[in-house]
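> Could you have a look at this structure, given as structure tokens, before my questions?
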Amino acid sequence: MRFGVWLLGVASLASPLSAKDGLGVYYGWAAFRDATPPRCYAISAPEETTGKPTTKAFLSIGFWPNRKVTHQIYVRLSRERSTNSGITLSAGGRRFRLRVEGSSGWAADRRMDLAIVAAIRSATSLSVESIGRDGRSIVDAYSLRGAPSAIDAAAIGCVSAR
């Protein structure tokens, strides 16, 4: 239950002024659709983090039908990262160096988005790592149980939103 309340809070942070339709909850993942502009996303919170979190970390996979964007990866770290440190996402034995802005990261391009989603579909866990402003490691670990279903629900939710 605690996770569901947190997930609704994260969803409201992701787009505070949009209407949200729940598309489903799949273990530690959920899928939502925002009406204006139409967008859908699968989202999860880390199961474990190193140190004391200072922000609400999450990983989302977004779909923006009006922009013809699908499977867009976005992560927010649980703590502020050092400006000298990158963000690395690891899943299914693969490591991806993300494009960074502040304590957030995105895939470098569409190919990387799709490679990360493929890794998510075949793995059981995922980690996002960086170095914090305090010099300590940041590791946000996610369970991927339910992720494929949430991703599919978000994709289908945006097809029906057009």
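> With (1) buried (at least 19 other Cβ atoms within 10 Å of the Cβ); (2) closer than 15 Å to residue 47 by Cα as the list, and residue 157 as the residue in question, which single condition is left unmet?
(2)
> Further, regarding this structure: Might you let me know whether segment 119-131 holds any residue that is under 27 Å from residue 36 (Cβ atoms), under 13 Å from the mean Cα position of the chain (by Cα) and of a type outside the set (Asp, Glu)?
no
> Let me ask something else about it. How many residues are in a strand (DSSP E or B) and either among the β-branched types (Val, Ile, Thr) or under 18 Å from residue 55 (Cβ atoms) (or both) if we restrict to segment 80-99?
Of the residues in that region, 5 qualify.
> Here's another thing I want to ask about it. Which residue is nearest to residue 54 (Cα to Cα), if the candidates are limited to segment 100-118 and must be more than 14 Å from the chain's Cα centre (by Cα) and not aliphatic (A, V, I, L, M)?
Selected residue: 102.
> What are the residues in segment 74-95 that are surrounded by fewer than 22 Cβ atoms within 10 Å (Cβ to Cβ) and in contact with a helix residue (DSSP H, G or I) (Cβ under 6 Å, 6 or more places away or on another chain), if any?
Across segment 74-95, the qualifying residues are 92, 94.
> Determine which member of the set 73, 120 is within 18 Å of residue 40 (Cβ to Cβ), touching a residue at least 12 places away in the same chain (Cβ under 8 Å), of a type in the set (A, V, I, L, M) and not in a strand (DSSP E or B).
When all the criteria are applied, what remains is 120.
A quick yes/no check of all residues on (1) in contact with a Pro (Cβ under 6 Å, 6 or more places away or on another chain); (2) at pLDDT 95 or above:
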position: 49; (1), (2): no, no
position: 61; (1), (2): no, yes
position: 106; (1), (2): no, yes
position: 113; (1), (2): no, yes
position: 130; (1), (2): no, yes
position: 141; (1), (2): yes, yes
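> Does any residue of segment 128-140 turn out to be assigned to a helix (DSSP H, G or I), in contact with a Lys or Arg (Cβ under 7 Å, 6 or more places away or on another chain) and farther than 14 Å from residue 60 by Cα?
Scanning segment 128-140 turns up no residue that is assigned to a helix (DSSP H, G or I), in contact with a Lys or Arg (Cβ under 7 Å, 6 or more places away or on another chain) and farther than 14 Å from residue 60 by Cα.
> Would you point out which residue out of 116, 120, 138, 151 is farther than 28 Å from residue 20 by Cα and surrounded by 22 or more Cβ atoms within 10 Å (Cβ to Cβ)?
So the residue among 116, 120, 138, 151 that is farther than 28 Å from residue 20 by Cα and surrounded by 22 or more Cβ atoms within 10 Å (Cβ to Cβ) is 138.
> Based on what the data block shows, is residue 31 modelled with pLDDT of 90 or more, touching a Leu at 6+ places or on another chain (Cβ under 6 Å), part of a strand (DSSP E or B) and small (Gly, Ala, Ser)?
yes
> Does segment 50-62 contain any residue that is open to solvent by 30 Å² or more (accessible area, probe 1.4 Å) and in a strand (DSSP E or B)?
no
> So, in segment 97-111, of the ones that are touching a Leu at 6+ places or on another chain (Cβ under 8 Å) and under 15 Å from residue 70 (Cβ atoms), which residue ends up least open to solvent (accessible area, probe 1.4 Å)?
The residue in question is 107.
> Test residue 28 against the stated conditions and say whether it is open to solvent by 20 Å² or more (accessible area, probe 1.4 Å) and at positive phi.
no
> Those residues that are in contact with a helix residue (DSSP H, G or I) (Cβ under 8 Å, 6 or more places away or on another chain) and charged (D, E, K, R), I need them from segment 54-73; list them, please.
56 - this is the single residue of segment 54-73 that is in contact with a helix residue (DSSP H, G or I) (Cβ under 8 Å, 6 or more places away or on another chain) and charged (D, E, K, R).
The values are calculated or read from the model by the stated rules, or taken from the named source; none is laboratory data. Because the structure is a prediction, the values reported are computed rather than measured. No Cβ is skipped: glycine too gets one built from the backbone with ideal geometry, and neighbour counts run over all protein chains shown. Only protein heavy atoms, including side chains, enter the accessible area calculation; ligands, DNA and RNA are left aside. Shrake-Rupley method; radii C 1.70, N 1.55, O 1.52, S 1.80 Å.
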